[in-house]
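For reference, the structure is listed below as structure tokens.
Quick note: the coordinates plus some simple rules give every number you see, no bench work behind them. Here the structure is a predicted model, which means the values were calculated and not measured. No Cβ is skipped: glycine too gets one built from the backbone with ideal geometry, and neighbour counts run over all protein chains shown.
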Amino acid sequence: MPLHFPTLGLVLLTVGFTTSVILVFLWRINREVEGPGIWALASIVCTLGYVPLWLEPQIGNIAIILNNISAIGTLLLILEGILRFRRFSFGYRNRFIAELLYFLVYMASTTINLENARARYLVNDLLLCVILLVIIYVLLIRHKGMEGVIYGIIAGMFVLLLAAFSYRWSMALSGMVDSEQINTSMTTVIFFTLTPWSLGWTFGLVVILNIRTQQTLWDTARRDPLTGLYNRLWMMETFSTRLGGNQNGTRKSFCVAIIDINGFKLINDTRGHILGDEVLRKAADILNNHLGPTDSAIRYGGDEFILLIDCAGNKDSMGNLRERLVRTMETPTTLGEFNLHFSVSIGTAMFPEDGETVDELLKIADDRMYMHKRIKCRNTEISNKEALHG
């Protein structure tokens with residue numbers, strides 16, 4: 001039974017309006033996140049593409065041009081939004097040029113084949129399928145856990161759309177039906193896939209944004225706002241996980257190092273707290289840049305830092321660890337217009353040799369840190385570069 005395309009257009013317009021409103025609200029709530037704003041724009045462009053279905057009797061082939069602008073524009077915007085949301089930050093400028101050229105090629109094909117639906121589908125549907133394949137690929141790579149499951153569901157919605165366009169393209173390629181038949185029966189298949197696709201990928205994005213927000217909140221609660229290092233909450237949870245694993249029989253040695261910046265209070269008192277904060281951030285950067293892939297740095301409080309480090313499980317490795325940390329931290333460096341030469345005291349403890357609880361390990365490391373502090377002969381030094389060269 002032939003369908004009344006203006007009626008179908010009204011249905012799709014209603015669905016598109018609903019999804020656009022949802023995505024606009026998501027963007028307004030998550031304005032600091034890259035991606036939702038572009039997805040909201042994509043949904044609006046897609047929705048506007050249904051309007052020409054009503055006006056085709058009045059505007060003729062202009063409806064085809066407007067609908068094709070909507071089709072390619074929507075998919076390119078969705079792709080760009082996904083790339084930004086998933087933090088694929090490579091080549092914004094080159095990517096924009098490539099997307100613009102792709103759009104122009106698509107619209108050139110639309111204009112050239114305006115009177116020939118079969119030729120138009122052979123070129124345009126192929127171009128759309130390529131974009132859909134890229135979107136599916138970007139959605140499916142580099143994911144894990146529940147976030148990966150949701151990306152898979154969203155990708156499934158695009159696979160559905162890919163199947164519809166591939167079907168119409170294959171029918172146009174086979175020549176089994178004429179252009180008019182393709183323009184009605186095959187296009188109807190695509191229209192029927194647009195509703196589950198619109199609802200499916202919008203729902204998926206709502207869920208994925210919720211997961212991202214929860215992850216951000218979780219991470220924020222476990223980060224020190226000044227240095228960006230992990231905080232005590234994260235440390236205690238990590239200790240609990242490691243010690244719990246050892247209770248379950250998967251016993252694995254690790255080292256704890258407490259680092260104290262000697263003379264930090266003097267810097268705060270003489271140079272001010274703003275510069276003192278910069279010194280703490282610099283210390284955190286040095287630690288982060290010299291940690292192994294499985295090691296972690298924590299700001300314990302004030303001018304004290306704690307490192308959780310995988311070690312070989314022997315006293316020699318712990319001694320080497322302390323020497324390496326002292327050498328790393330006490331290498332002269334710069335801080336803006338200042339020269340900075342840290343002096344640090346470090347105490348280490350090893351699990352399980354030095355203790356089997358959090359309190360035992362921290363107490364032993366803290367005692368050893370104060371023993372080290374008593375034999376240090378200088379404080380952290382900070383001076384103007386000009387003073388040293390004058």
| message | Could you order the peptides 228-237, 97-106, 295-304 from most to least packed, using the average number of other C-beta atoms within 10 Å per residue? | response | 295-304, 228-237, 97-106
| message | From the P(r) of the chain, could you give the percentage of C-alpha pairs in the tail past 35 Å? | response | 50 percent
| field | Amide H within-cut-off set for Val344, under 5 Å, with H built and near neighbours excluded | value | Asn262
| message | Using a Förster radius of 51 Å, what is the FRET efficiency between Leu335 and Ala163 based on their Cβ-Cβ separation? Nearest 0.05, please. | response | 0.30
| How large is ³J(HN,Hα) for each residue in the stretch 192-197, as worked out from phi by the Karplus curve 6.51 cos²θ - 1.76 cosθ + 1.60 (θ = phi - 60°), to whole Hz, x for Gly and Pro? | 5, 7, 5, 5, x, 5
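By how many nm would the segment from Arg242 to Ile153 lengthen if fully extended, with 0.36 nm per residue of separation less the alpha-carbon distance?
Fully extending the segment from Arg242 to Ile153 adds 28.6 nm.
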| Of the cross-linked pairs Lys265/Lys376; Lys252/Lys373; Lys282/Lys373; Lys144/Lys252, which ones have a Cα-Cα span greater than 23 Å in the structure shown? | Lys252/Lys373; Lys144/Lys252
| request: Taking each pair of different alpha-carbon atoms in the stretch 5-221 once, compute 1/r for the pair, average those values, and report the inverse of that mean as the Kirkwood hydrodynamic radius in Å to one decimal. | output: 18.0 Å
| 222 nm [θ] for the chain, helices only, -39500 (n - 2.57) per DSSP H run of 4+, per residue, to 500? | -22500 deg cm²/dmol
| When you count, for each residue, the other Cβ atoms within 10 Å and take the mean per peptide, how do 347-353, 213-219, 196-202 rank with the highest first? | 347-353, 196-202, 213-219
| request: Under 1.5 on a/c is rounded, so check that first for the stretch 191-345, then, if it is not, pick prolate when a/b is larger than b/c and oblate when it is not; a ≥ b ≥ c are the square roots of the alpha carbon gyration tensor eigenvalues. | output: oblate
| task | Could you rank the peptides 69-81, 137-149 by their average count of other C-beta atoms within 10 Å per residue, with the highest value first? | result | 69-81, 137-149
| query | Whose amide H sits under 5 Å from the amide H of Leu335, counting only residues 5 or more places off or on another chain, with H placed in the peptide plane? | reply | Leu340
| said: Between the stretch 212-245 and the stretch 59-95, how far is it from one alpha carbon centroid to the other, in angstrom? | reply: 38 Å
